[in-house]
Amino acid sequence: MNEIENKNPENQQDITADMDSGSKALADALKLSFAVLKLIMIVLIILFFASGVYTVEKNEKAIVLRLGKVVRDASGTSLKEPGLHWALPYPIDEIVKIPVTATQKLEIDDFWYFDPEQGSRPGQTLNPIRDGYCLTRNEEVQGYEDQLATDYNIVHCKWQLNWTIEDDPYAFFRNVKVRSVRPGELYRDVISESVEPLLTTVADDAIVRTLAKYSIDQAVTTSKSNITREVTARVQKRLRELSTGIRVRDMQILKITWPRQVDQAFLASIKAGQNRSSIETEAWTYYEKTLNEAGGPRAEESLKVLLDESSTEAEIRRAYSDLTGQASKNLSEARSYKTKVIETAKANANYLSQLLPEYRKRPELVIERIYQDNMEQILDTVDEKIIVQPAKQGKDREFRVLISRNPSIKDKKSGSDENQNGNQ
Amino acid sequence: MRRLPKLILVTAIVVLLGFKLCSYQVRETESALITRFGKPIAEKTEPGLYFKLPTPFDVVHKFDSRLQVFEGQQEETTTKGGEPVIITPYMIWQISQPQLFFERVSTDREVQKFLLSQLRNHANAVVGKHYFSEFVNTDPEKIKFEQIENELLQALKESTEDEYGITVASVGIKKLELNEEVTEAVFERMRADRQRKKEDILGEGRSTATRIRTDADKKKQQLLAAVESRVIAIKGEGDAGAAKYYKMLQDDPELAMYLRDLEALAKILENRSTVVLGAETDPMKLLREVPELESSKPKDSKASKQDSENKEK
């Protein structure tokens with residue numbers, strides 16, 4: 001059957017007519033398979049051209065290479081915006097999709113120490129092959145300038161760099177080496193991996209150069225944000241000079257610390273800082289207490305007014321009245337002295353002026369009466385009174401009478417008192 | 001009639017194959033060099049489609065024209081002042097002239113070797129021209145890192161660009177370290193530094209504290225002195241006020257003095273005093289005898305004067 005057909009393809013119809021029903025069925029089947037094959041071919045051709053349809057995702061832009069050359073539209077733009085596009089099929093066009101807005105993270109730990117076990121004890125030295133670190137300058141010390149001209153400290157740090165290629169994806173594509181994507185890989189990851197050496201190198205350089213300008217204290221405490229800003233600017237500048245199209249979104253210092261080998265010394269100096277503030281706080285407490293005791297909470301303001309020669313009378317009065325504590329005590333004592341002195345003088349004067357008419361009439365009697373009254377009062381308040389018998393016959397003898405003795409004195413003297421009483 | 005599609009198909013395939021054999025694409029990121037029997041005949045740095053003779057005659061060598069990073073080896077070298085220092089230089093480069101590059105350094109391994117030796121030689125030479133204090137210095141103004149990197153860039157450019165077809169885009173030092181012995185010395189110095197700093201901090205704190213305390217005491221004294229002057233003024237007012245009444249006492253100064261003395265006596269004997277009295281004094285003599293009273297005859301004032309001389313213990 002096959003042989004017949006192959007030999008005489010032009011006589012097919014005549015032969016078919018002569019064929020038996022079995023052969024005819026076979027011929028029909030063959031015809032059908034030809035038709036199916038044709039259809040498949042057509043579908044394949046359609047699929048071939050349809051394969052040029054591609055989508056650009058929201059966070060991507062695409063570059064089309066036609067015969068290796070970047071296709072640009074009329075305005076000279078080489079980037080295809082997100083959406084559905086069509087390109088000629090391989091090998092004429094090649095589509096490169098570039099993730100532009102996604103921020104990629106890169107951790108830079110070239111300057112961190114080698115720690116095989118978490119928190120293991122550090123050795124005495126740093127091995128430059130395993131341990132990473134930066135050098136920082138030392139601070140200038142008064143009187144030591146010459147000796148410390150090349151002085152420096154060691155600092156460990158860990159950074160993170162966040163970057164995108166949204167600024168200029170074409171420049172990125174053109175200039176930055178990205179290895180080709182193998183099956184099963186994501187282009188995004190290939191980009192990250194390929195760019196890593198470049199970014200790490202540029203960042204390392206910037207970090208080394210920047211930290212050399214700062215002291216270790218600035219680096220670990222006060223100037224972190226300045227350092228970050230300076231490093232970021234340096235990295236960005238170099239990436240721009242190289243036309244990489246990479247934008248550094250930001251850089252962060254994840255960790256920055258002094259070497260573990262000198263931890264004790266650093267902690268001690270931090271503690272000294274705390275001690276200093278407690279010493280100072282104590283002094284301030286004393287300051288406040290002293291002034292408060294002397295003049296109350298507003299002592300300082302008042303003192304300012306009192307020392308200021310341009311203060312007005314009203315201000316000065318107000319300043320004195322604001323004072324409390326020792327100052328106000330002194331002032332109120334003075335005021336009560338004043339009152340008392342005046343009042344006493346006044347009372348005495350009044351008393352005298354009332355007494356005078358009577359005294360002029362009977363001076364002796366008035367004097368005597370006042371004397372008696374006063375003695376009575378005085379002797380009433382006296383603790384111990386001793387009455388002495390004047391000497392007779394040339395021999396001193398005492399006669400004592402005890403009147404209203406203070407009990408606390410009695411204990412001490414009672415013995416001798418009794419003896420002398422006995423003599424009498 | 002039936003042969004036509006087949007013919008077209010066969011022709012198409014042949015043309016395509018021929019086209020494939022006789023053409024090549026240069027991508028935007030590449031450059032290419034064509035060699036005929038091993039001899040370079042053309043250099044293509046512009047992207048696009050190009051034709052050539054089939055493979056046995058013409059061979060296409062493609063070169064990546066994008067930036068590449070080459071990291072040098074970590075190496076100990078010495079500065080001008082003789083300090084040992086470990087640097088890790090790097091360079092960012094690209095192939096700018098494929099033919100030159102192909103002729104001088106063709107394989108990948110050779111490129112690595114070539115770049116390493118170039119970088120090492122120039123880095124060592126440049127570092128050797130500078131003092132360590134130009135890398136790190138207490139005075140940031142004296143640091144010449146940038147200048148050193150520029151010198152290295154110039155040196156590398158001169159030796160690679162024209163001769164090897166390589167453009168050096170950037171060079172630098174990505175790590176600056178010390179050998180192990182030096183780090184130990186640095187730690188020692190850092191500890192000493194901290195110790196000094198600690199003393200400084202404490203000393204500063206103490207002197208500040210002293211200043212604060214002194215200030216407090218001074219202000220207290222000033223305040224109390226100001227108050228004292230006010231106190232004296234007030235007391236003075238009191239005394240002046242009292243003086244007005246003293247004039248009234250001048251009507252009979254003797255009596256006034258007598259009253260004043262009594263008052264003083266009372267005040268002196270007020271607290272815990274012991275008084276020794278003669279038994280003859282008034283009114284103690286009443287203890288011994290009943291007085292002989294003579295009616296309406298004033299007493300002798302001498303007795304009272306004697307009494308006021310009573311002794312206080």
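The values are calculated or read from the model by the stated rules, or taken from the named source; none is laboratory data. These numbers were taken from a predicted model, which means no experiment stands behind them. Positions of Cβ are generated from backbone atoms using ideal geometry, with glycine treated the same way; all protein chains shown enter the neighbour counts. The area values use the complete protein model at the heavy-atom level, side chains included, leaving out ligands, DNA and RNA. Shrake-Rupley method; radii C 1.70, N 1.55, O 1.52, S 1.80 Å.
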If you place +1 on the Cβ of every Lys and Arg and -1 on the Cβ of every Asp and Glu, how big does the dipole about the Cα centre of the stretch A:48-97 come out, in debye to the nearest 20?
100 debye
Whether the stretch B:68-178 is rounded, prolate or oblate, judged on the alpha carbon gyration tensor where a/c under 1.5 counts as rounded
prolate
For a Förster distance of 56 Å, can you work out the FRET efficiency between the beta-carbons of A:Gln252 and A:Val43, rounded to the nearest 0.05?
0.55
Sticking with the crude label model, points 7 Å out along Cα→Cβ, report the distance from B:Ser229 to A:Lys329 in nm, one decimal please.
2.4 nm
May I ask you to give the percent of accessible area on chain B that is carbon plus sulfur, with a probe radius of 1.4 Å?
53 percent
Put a dot 7 Å past each Cα toward the Cβ at A:Lys24 and A:Asp109; how far apart are the dots in nm?
8.3 nm
Average accessible area per residue (Å²) across the protein assembly as shown - probe 1.4 Å, nucleic acids and ligands excluded:
59 Å²
Do any trypsin sites (Lys or Arg not before Pro) in the stretch B:1-53 lie in a loop, going by DSSP, with at most 14 other beta-carbon atoms within 10 Å of their beta carbon, and if so which?
B:Arg2
Quick one: if you stick a label point 7 Å off each Cα along the C-beta vector at B:Glu110 and A:Gln124, how many nm between them?
4.9 nm
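In Å² (nearest 100), what accessible area is buried between A and B, both sides summed, heavy protein atoms only, 1.4 Å probe?
Approximately 11600 Å² gets buried when A meets B.
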Dipole magnitude of chain B about its Cα centre (Cβ charges: Lys, Arg +1; Asp, Glu -1), debye to nearest 20
1820 debye
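Quick check on my link table: of A:Lys338/A:Lys385; A:Lys177/A:Lys237; A:Lys237/B:Lys80; A:Lys177/B:Lys142, which ones sit more than 28 Å apart, alpha carbon to alpha carbon?
Distance filter (> 28 Å) returns A:Lys338/A:Lys385; A:Lys237/B:Lys80; A:Lys177/B:Lys142.
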How big, on average over all directions, is the shadow cast by the Cα convex hull of the protein assembly as shown, in nm²?
75.0 nm²
Hey, for a label at B:Leu9 modelled as a point 7 Å past Cα toward Cβ, could you say which residues of the stretch A:28-53 have their backbone N under 18 Å away?
A:30-48
Quick one: if the Förster radius is 45 Å, what FRET efficiency do B:Gln195 and B:Lys144 give, using the C-beta to C-beta distance and rounding to 0.05?
0.90
Counting pairwise Cα distances across the stretch A:48-97, what percent come out greater than 14 angstrom?
47 percent
Please name which of B:Gln73, B:Pro47, B:His130 has its Cα lying farthest along the dipole of chain B towards the positive end, using unit charges on Cβ (Lys, Arg +1; Asp, Glu -1) and the Cα centre as origin.
B:Pro47
So what are the ³J(HN,Hα) numbers for the stretch B:242-257, from phi and the Karplus equation (6.51, -1.76, 1.60; θ = phi - 60°), rounded to whole Hz, Gly and Pro as x?
5, 4, 4, 7, 4, 4, 5, 6, 5, 4, 8, x, 5, 5, 4, 5
Take peptide A:342-350, look around each residue's Cβ out to 10 angstrom, count Cβ atoms belonging to other protein chains, and average those counts.
6
Ignoring any ligand, DNA or RNA, what whole percent of the accessible area of the stretch A:288-379 comes from carbon and sulfur when the probe is 1.4 angstrom?
50 percent
Quick one: pull the percent of accessible area on the stretch A:48-97 belonging to carbon and sulfur, 1.4 Å probe, ligands and nucleic acids left out.
59 percent
Rounded to the nearest 10 Å², the accessible area of A:Arg174 using a 1.4 Å probe with every protein chain kept is 60 Å²
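Rounded, prolate or oblate: which fits the stretch A:288-379 when a ≥ b ≥ c are the square roots of the eigenvalues of the alpha-carbon gyration tensor, with rounded for a/c under 1.5 and prolate only if a/b beats b/c?
prolate
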Dmax and Rg, reported as Rg then Dmax, of chain B (C-alpha, Å):
57.6, 190
